[in-house]
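What follows is a set of notes on a single structure, which appears directly below.
Just so it is clear, none of the values below were taken in a lab; they were calculated from the coordinates. Every value quoted in this text rests on a predicted model; they were computed, and no experiment measured them. Note that we place each Cβ from the backbone using ideal geometry, even for glycine, and neighbour counts take in every protein chain shown.
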Amino acid sequence: MGGRIRYPWRAQSLPPPKGRFPTMRLRLALAATALLAAAAAPLAHAGGADGPAADPADRRADFVTVDPAGLLGADGTVTLSGTYRCLDDGAGPVLVGSTLLQQDRSAGIGGTRAVCDGAVHTWTNTSVVKDPAYQPGDAVVRATLTQLVPEGPMGLPAPDFLAAEAAPVVLG
């Protein structure tokens with residue numbers, strides 16, 4: 001038995017031909033761009049609630065508030081609410097997010113797409129939090145009004161925080 005034993009599965013593999021297979025980074029960028037375009041298209045409009053010709057100094061500010069009471073269901077469902085106002089979503093979609101903090105536990109409680117027309121709107125976020133569950137009583141809610149704006153040469157969405165509020169709540 002002379003000679004060398006050849007293992008075909010150990011053969012040196014050749015790199016893929018250049019230009020034929022997009023890299024994972026390019027695929028991710030294309031997918032993110034498509035998602036951003038799909039989310040922003042129905043929201044785009046010419047100007048804020050006051051119209052495009054209005055003086056920016058006359059516009060009211062973006063804000064978000066938290067209601068002082070939150071609902072806690074027997075199955076672990078947490079419902080939080082409040083109000084918000086945003087003036088212009090022309091740069092990208094705007095979301096109202098909330099985080100519930102109680103003792104050493106915190107969890108994101110849903111998210112709501114905002115209507116940015118300059119009017120005051122209510123938001124309600126709901127999520128099921130199982131383990132460990134929240135207890136009735138005092139807690140803190142952090143609410144944020146966040147706009148996703150395209151950045152960089154690929155136009156990937158990045159958060160722009162328009163307003164934030166941290167407020168005590170009573171879960172019941």
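Remind me, relative contact order of segment 124-172 in percent, using alpha carbon pairs under 8 angstrom and six or more residues apart?
So the answer I get is 42 percent.
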Rounded if a/c under 1.5, otherwise prolate or oblate - segment 108-157, Cα gyration tensor axes: oblate
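Please arrange 60, 85 by counting, for each residue, the other beta carbons lying within 10 Å of its beta carbon, fewest first.
60, 85
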Amide H contacts of residue 151 (H built 1.01 Å from N, under 5 Å, at least 5 apart or other chain): 156, 158
Computed FRET value (nearest 0.05) for residue 60 with residue 138, which takes r as the C-beta separation and R₀ as 35 Å: 0.65
Summed side-chain charge close to residue 167 - residues other than residue 167 whose Cβ falls under 15 Å, Lys, Arg +1, Asp, Glu -1: -2
Within segment 75-108, backbone nitrogen closer than 15 Å to the virtual label 7 Å beyond the Cα of residue 131 toward Cβ: 76
Zero-based 10 Å bins, Cα pair distances in segment 66-167, whole percents: 15, 44, 27, 13, 2
